[in-house]
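FYI, it's all coordinate maths here, none of it is from the lab. Keep in mind that what you see is a predicted model, and the values were worked out from it rather than measured. Cβ coordinates were reconstructed from backbone atoms using ideal geometry, including for glycine residues, and neighbour counts include every protein chain displayed.
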């Protein structure tokens with residue numbers, strides 16, 4: 001199995017960013033093309049989301065907690081895919097059991113994976129809006145917007161302390177095997193592709209009268 005470092009160093013292989021973008025564009029097309037909001041298979045969703053973890057790894061220690069949480073929650077969903085089949089079934093089961101917001105529930109796992117995807121979106125938006133060599137402001141702002149409101153003080157403190165260990169802009173581009181121009185184009189494509197995915201997930205909760213502020 002080729003790891004992320006090998007992928008980044010191989011000029012003949014698809015870059016990690018390309019794989020992520022293409023996977024989410026395919027998922028977005030699937031959602032847009034489905035009639036009457038057809039059920040999204042859990043295994044399809046998990047396969048797409050699995051490609052994102054390499055980005056957290058590229059950001060280093062600052063996002064180690066986000067990476068571990070994302071991978072753990074995604075793994076839980078992937079394991080449940082054979083039993084529950086679709087994202088809708090996950091929500092319906094937890095609603096019936098009264099465990100939607102319970103620690104370790106699949107509905108909670110889905111919320112955290114959605115949060116991870118949105119964190120990447122925020123980082124990409126900030127990356128594209130500035131040419132700063134340091135990624136500290138871009139990453140800190142993204143974390144404050146998406147994750148900090150739901151993390152405990154010790155976790156927030158550790159994350160912000162780790163911001164000083166972030167790679168520089170050029171170092172990140174090297175890890176991703178991208179130029180600044182190619183990276184920005186692909187990041188914008190990810191942002192566009194993620195919109196219907198986020199909307200779809202949020203609607204699953206809202207249609208069941210479950211708030212999104214947790």
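Here are the numbers for the structure shown:
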quantity: Residue 44 paired with residue 99, simple spin-label distance in nm, labels 7 Å along Cα-to-beta-carbon; calculated: 2.6 nm
quantity: Crossing angle, helix 153-162 versus the chain [Cα axis fit, 0-90 degrees, rounded to tens]; calculated: 30 degrees
quantity: Contact order relative to length of the chain, as percent, for alpha carbon pairs under 8 angstrom and 6 or more apart; calculated: 30 percent
quantity: GNM top mover of 188, 203, 51 - the chain, alpha-carbon springs below 10 Å; calculated: 203
quantity: Most fluctuating residue given options 107, 53, 34, as computed from a GNM of the chain linking Cα atoms under 10 Å; calculated: 34
quantity: Rounded tilt (10° steps) of 16-33 against the dominant C-alpha axis of the chain; calculated: 30 degrees
quantity: Residue 31-residue 132 FRET efficiency (beta carbon distance; Förster radius 41 Å; 0.05 resolution); calculated: 0.75
quantity: Nearest-ten-degree value, helix 64-84 long axis tilted from longest Cα axis of the chain; calculated: 30 degrees
quantity: Quotient of Cα Rg and 2.2 N^0.38 Å for region 79-199, N being how many residues it contains; calculated: 1.26
quantity: Helical mean residue ellipticity (222 nm; -39500 (n - 2.57) per DSSP H run of 4+; nearest 500) of the chain; calculated: -22500 deg cm²/dmol
quantity: Cα-projected label distance for residue 171 with residue 151, points at 7 Å along beta-carbon direction, nm; calculated: 1.8 nm
quantity: Cα centroid separation, region 65-130 to region 148-209 (Å); calculated: 14 Å
quantity: Candidate values [x] 40; [y] 36; [z] 28, label of the one derived for percent of Cα pairs over 28 Å apart; calculated: [z]
